[in-house]
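Just below is one structure, and these are the notes that go with it.
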Amino acid sequence: MERTFTMVKPDGVTRGLIGEVIGRFEAKGLKLIAIEMKTFTEADAAIFYAEHLGKGFYQSLVDLITAGPVVGMIWEGPNAVKLVRTLIGATNPQEAAPGSIRGDFGLELPANIVHASDAPSSAERERAAFFGQTV
Ligand code: CMP
């Protein structure tokens, strides 16, 4: 069974949407494997978002992700990576379909409530970056 890494970002935590995100994934039938709340340092953010280094929005993304606690999770289910990407919606909340998490709750980038891995390989990289050897 496939696993994916997801994270409620500080904007989602501040707005009280942790339960909403978990509830949608559970309602779909996905299984929660691990969950932990922590606050990213700048170094954590640099590792997690290394692929975006040098992009115009990089600093605003780092500022957002280090602004407060995040909730990292591992979810399991058939085709979990693609399924969760569909449930959260397009990266830009202004383009995300109504019914998706970002479409229903997001307003403007970089604040888009929740992150989810875009491929099984990034799911494993992000799991390791967030949970280390504990999960
Ligand atoms: P996420 O799925 O966590 O992956 C990278 C993040 O960078 C993305 O969600 C947004 O928060 C942010 N991001 C991506 N593209 C842009 C953009 N064009 N402008 C601002 N922020 C962006």
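The values are calculated or read from the model by the stated rules, or taken from the named source; none is laboratory data. Quantities reported herein were computed from a predicted structural model and do not represent experimental measurements. Cβ placement follows ideal geometry from the backbone for every residue including glycine, while neighbour counts extend to all protein chains displayed. We work out accessible area using only protein heavy atoms, side chains counted, and drop any ligands, DNA or RNA first. Shrake-Rupley method; radii C 1.70, N 1.55, O 1.52, S 1.80 Å.
Among the conditions (1) free of Cβ contacts under 8 Å to residues at least 60 places away in the same chain; (2) outside any loop (DSSP other than H, G, I, E, B), Lys55 misses just one, which is (2). Could you list, in sequence order, all residues of the range 54-74 that are over 16 Å from Gly132 (Cα atoms) and away from the ligand (no atom under 14 Å from the Cβ)? Hits for the range 54-74 are Gly68, Pro69. Just so you know, in the range 9-45 the residues that are in a helix (DSSP H, G or I) and without any contact (Cβ under 8 Å) to a residue 24 or more places away in the chain include one that is surrounded by the most Cβ atoms within 10 Å (Cβ to Cβ), and it is Ala45. Among all residues of the range 24-45, there is at least one that is modelled with pLDDT of 95 or more and within 11 Å of the ligand (Cβ to nearest atom). For the range 75-90, the set of residues classified as of a type in the set (Val, Ile, Thr) and buried (at least 17 other Cβ atoms within 10 Å of the Cβ) consists of Val81, Val84, Ile88, listed by residue number. In the set Glu95, Glu108, Glu51, only one residue is within 13 Å of the ligand (Cβ to nearest atom), surrounded by fewer than 16 Cβ atoms within 10 Å (Cβ to Cβ) and at pLDDT below 95; that residue is Glu51. Of the residues making up the range 2-57, not one is at positive phi and aliphatic (A, V, I, L, M). For the range 54-74, the tally of residues that are surrounded by fewer than 14 Cβ atoms within 10 Å (Cβ to Cβ) and of a type in the set (Phe, Trp, Tyr) stands at 1. Here Arg125 does not fit the description of being within 15 Å of the ligand (Cβ to nearest atom), in contact with a strand residue (DSSP E or B) (Cβ under 6 Å, 6 or more places away or on another chain) and open to solvent by 80 Å² or more (accessible area, probe 1.4 Å). Beta carbons closer than 8 Å, at least 6 apart along the sequence or on distinct chains, pair a first residue in the range 103-125 that is on the phi < 0 side of the Ramachandran plot with a second that is surrounded by fewer than 16 Cβ atoms within 10 Å (Cβ to Cβ) and of a type in the set (Asp, Glu) for Pro120/Glu2. Among helices (runs of 4 or more DSSP H) entirely within the range 58-135, having at least 3 residues that are in contact with a helix residue (DSSP H, G or I) (Cβ under 9 Å, 6 or more places away or on another chain) and within 20 Å of Lys31 (Cα to Cα) singles out 80-88, 120-131.
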